[in-house]
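Engineer: Below you will find the structure I want to go over with you.
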Amino acid sequence: MNCPVCQKRLYVKEMHGVVVDVCDEHGMWLDRGELEKVHSHAKEHGFAEGFVDSLSHDYH
Ligand SMILES: [Zn+2]
């Protein structure tokens, strides 16, 4: 899929066990389910809340 902002093609990256779409300029794009997965994974493994806050992009 493409970035909703700049329409460039997103590349896929695996982060904390979740595959996310990334734009070079606009960061990560996650749908609701993916965000939840990253949240729970980050909690389990003790990642800082700030990291999760940086993943706040949402399609919906
Ligand atoms: Zn973009």
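Engineer: Net charge within 14 Å of ASP24 by Cβ-Cβ distance, Lys/Arg positive one each and Asp/Glu negative one each, not counting ASP24 itself?
Structural biologist: Counting the neighbours of ASP24, the net charge comes to +1.
Engineer: Per 0.36 nm of contour for each residue apart, how much would the distance between HIS41 and VAL19 grow if the chain were fully extended, relative to their Cα-Cα spacing?
Structural biologist: Difference between extended and current length: 6.7 nm.
Engineer: Simple spin-label model, 7 Å along Cα-to-Cβ: ASP31 to MET1 in nm?
Structural biologist: Roughly 0.6 nm, to one decimal.
Each reported figure results from applying straightforward, stated rules to the coordinates on display, with no laboratory input. From a predicted model like this one, the values you see are computed outputs, not experimental measurements. All Cβ positions, glycine included, derive from the backbone under ideal geometry; neighbour counts span all protein chains shown.
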